[in-house]
Amino acid sequence: MQNKMIVQRLFDEIMKGNLAVADELIAEDYNQHSVFGLPNGREAFKQFFIAFASAVPDARFVIEDMIAESDKVVSRFSVTGTQMGELPGIPPTGKKFTMRGIDIFRVVDGKIVEHWDAVDQLGMLQQLGIVPMSS
């Protein structure tokens, strides 16, 4: 239960723009396994959210489900927003999107030390008009 509270607090505080919470909840040598090819480390985590908030200023993350077992916390989430700024390799489109995904966090001694994600990038790119919708 404590590990779920750590992950939930991270989501809640990040959505309020409080990136300082990462210093408390994420290990300095945090290991990131992301479909977005993000670098490892707590500072890289913060830089990603700064860039994302700049590109999608109305972003809203919703945790749909959260399950914890041993040192792992799994969350199924959705994020909605309007792409007003550049995302890596994607110029601003001004279009709204909803992206769904699953995160797996590993928590050790009260800190998030590792993260994996699986997100529907194709669906997001189709909604932004970057990739044509399949027929």
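Footprinting exposure proxy ranking of Leu122, Leu25, fewest other C-beta atoms within 10 angstrom first, gives Leu122, Leu25.
For the chain, adding -39500 (n - 2.57) for each run of n ≥ 4 DSSP H residues and dividing by the number of residues yields -8500 deg cm²/dmol at 222 nm. Rounded to the nearest 10 degrees, the inclination of helix 2-15 to the longest alpha-carbon principal axis of the chain is 40 degrees. Computed over all pairs of different Cα atoms, the Kirkwood value for the hydrodynamic radius of the chain is 15.4 Å. Given R0 = 30 Å, the distance between the Cβ atoms of Lys72 and Leu125 translates into a calculated FRET efficiency of 0.55. I'd like the orientation of helix 42-55 relative to the chain: the angle between its Cα long axis and the longest Cα principal axis, in ° from 0 to 90, rounded to 10. With rounding to tens, the tilt is 30 degrees. Between Ile63 and Met1, the modelled label-to-label distance comes to 1.5 nm, taking each label 7 Å out from Cα in the direction of the beta carbon.
Read-outs: derived from the displayed coordinates by stated rules, not from any lab. Values in this document were obtained by computation on a predicted structure and should not be read as measured data. Every residue, glycine among them, receives a Cβ derived from its backbone with ideal geometry; neighbour counts consider all protein chains shown.
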